[in-house]
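The values are calculated or read from the model by the stated rules, or taken from the named source; none is laboratory data. Because the structure is a prediction, the values reported are computed rather than measured. As a convention, Cβ positions derive from the backbone with ideal geometry for all residues, glycine included, and neighbour counts pool all protein chains shown. SASA here: full protein model, heavy atoms, side chains in, ligands and nucleic acids out. Shrake-Rupley method; radii C 1.70, N 1.55, O 1.52, S 1.80 Å.
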Amino acid sequence: MKFSFAKPSALRSKGVLCMNKRNIDYIGRCNPRKFYKRVDDKLTTKQLALANNIAVPSLIGVVREQHEIESIPAMVASEDGFVIKPSKGSGGKGILVITKVEAGRYYKPNGQEVTPSDVYRHVSNVLSGLFSLGGNPDVAIVEGLIQFDPVFDGYSYEGVPDIRLIVYKGFPVMGMLRLSTAASDGKANLHQGAVGVGVDIGTGKGLHAVQFDEPINFHPDTNKKLTDIEVPHWDFLLHTASKAYEMSEMGYLGTDMVLDRVQGPLLLELNARPGLAIQIANNRGILPYLDNVDKLGNHNMTVDERVEYAKKHFCHSAQL
């Protein structure tokens, strides 16, 4: 399915959700403004997740004031690696990943050294709001480094793959695996050149892959066939995403999760304005799935029931 330069009527006929409709009919209608902090503030999301027995990456520390920046070396001295991110950042901006700590020296996934002064400057920019929604002052979260599951070896380049699931009224309706590349500088961000692989809701198997919105069959850096992938712990991931509905009280939501080889599935963050490129990665529009959920009306399904319904009705082979 080719979406670029298509007429709106052609997109609608394919069930493609466009930005205006997403903003008005789904985000505006289903996501109460009073709950936005639960998803826009990563520190709040982490605290909510822990209160709801949802596993998250370990929290090493939080830097709230400029004078606290110099405490970072002591904070991370015993760590093999760490991640610094803005609490209110978006689109992967402002995330610094350090995969090696050695004698007070820090190294990025590509082996480039990051000096303590580089770290201080980066955190200072985080606190000033350079990477944050609206440019408002922020806090810096220092997290433990995720050790990604070896099942993804060869599918990602110098970065941790993550799983995005769109959840509508508690139903996981569409999924995508995001894989870092050299072009994306080791980040799982599609706009920066990461690969998106559509994943079958019913099975967790790869369906279709894109980079820069164009179909591809093999990872551009590792030459691994992308549709051969099958995401492990798939049921657990679906249940975690579905639980995020009650946790956040957001009706239209993006959940981002990772697989750690020691801790298993972890919730990274939630997104109240999930992007539309997941439809390109799946080579199909999301609207038929959203319409299906709406037709259920006011249901009282449990998380288990919602997940089973989604696996049956939103899998690749289902006819809507």
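The table below lists the values:
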item	result
Flag for residue 93 being within 20 Å of the chain's Cα centre (by Cα), open to solvent by 60 Å² or more (accessible area, probe 1.4 Å), under 24 Å from residue 178 (Cβ atoms) and among the basic types (Lys, Arg)	yes
Matching residues in segment 123-146 - criterion: being more than 21 Å from the chain's Cα centre (by Cα), more than 9 Å from residue 86 (Cα to Cα) and part of a helix (DSSP H, G or I)	124, 125, 128, 135
Residues being in contact (Cβ under 8 Å) with a residue 40 or more places away in the chain, open to solvent by 30 Å² or more (accessible area, probe 1.4 Å) and among the hydrophobic types (A, V, I, L, M, F, W, C) - total across segment 63-83	1
Qualifying residue in segment 242-260 (condition: open to solvent by 20 Å² or more (accessible area, probe 1.4 Å), outside any loop (DSSP other than H, G, I, E, B), in contact with a Gly (Cβ under 8 Å, 6 or more places away or on another chain) and not polar (S, T, N, Q))	yes
All positions within segment 277-296 that are open to solvent by 40 Å² or more (accessible area, probe 1.4 Å) and either outside any loop (DSSP other than H, G, I, E, B) or out of contact with any strand residue (DSSP E or B) (no Cβ under 9 Å at 6 or more places or on another chain) (or both)	288, 291, 294, 295
Where residue 178 falls short, out of the listed (1) crowded, with 21+ Cβ neighbours inside 10 Å; (2) assigned to a loop (DSSP other than H, G, I, E, B)	(2)
Selection within segment 108-124 - surrounded by 16 or more Cβ atoms within 10 Å (Cβ to Cβ) and either under 15 Å from residue 92 (Cα atoms) or in contact (Cβ under 8 Å) with a residue 60 or more places away in the chain (or both)	108, 109, 122, 123
Any hit, segment 126-133, residues being over 27 Å from residue 276 (Cα atoms), touching a residue at least 12 places away in the same chain (Cβ under 8 Å), open to solvent by 50 Å² or more (accessible area, probe 1.4 Å) and not charged (D, E, K, R)	no
Qualifying residue in segment 115-124 (condition: in contact with a helix residue (DSSP H, G or I) (Cβ under 9 Å, 6 or more places away or on another chain) and either closer than 30 Å to residue 312 by Cβ or among the acidic types (Asp, Glu) (or both))	no
Residues within segment 188-208 that are surrounded by 24 or more Cβ atoms within 10 Å (Cβ to Cβ) and outside any strand (DSSP E or B), tallied	4
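A quick yes/no check of all residues on (1) over 14 Å from the mean Cα position of the chain (by Cα); (2) part of a loop (DSSP other than H, G, I, E, B):
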| site | (1), (2) |
| --- | --- |
| 157 | yes, yes |
| 160 | no, yes |
| 164 | no, no |
| 173 | yes, no |
| 186 | yes, yes |
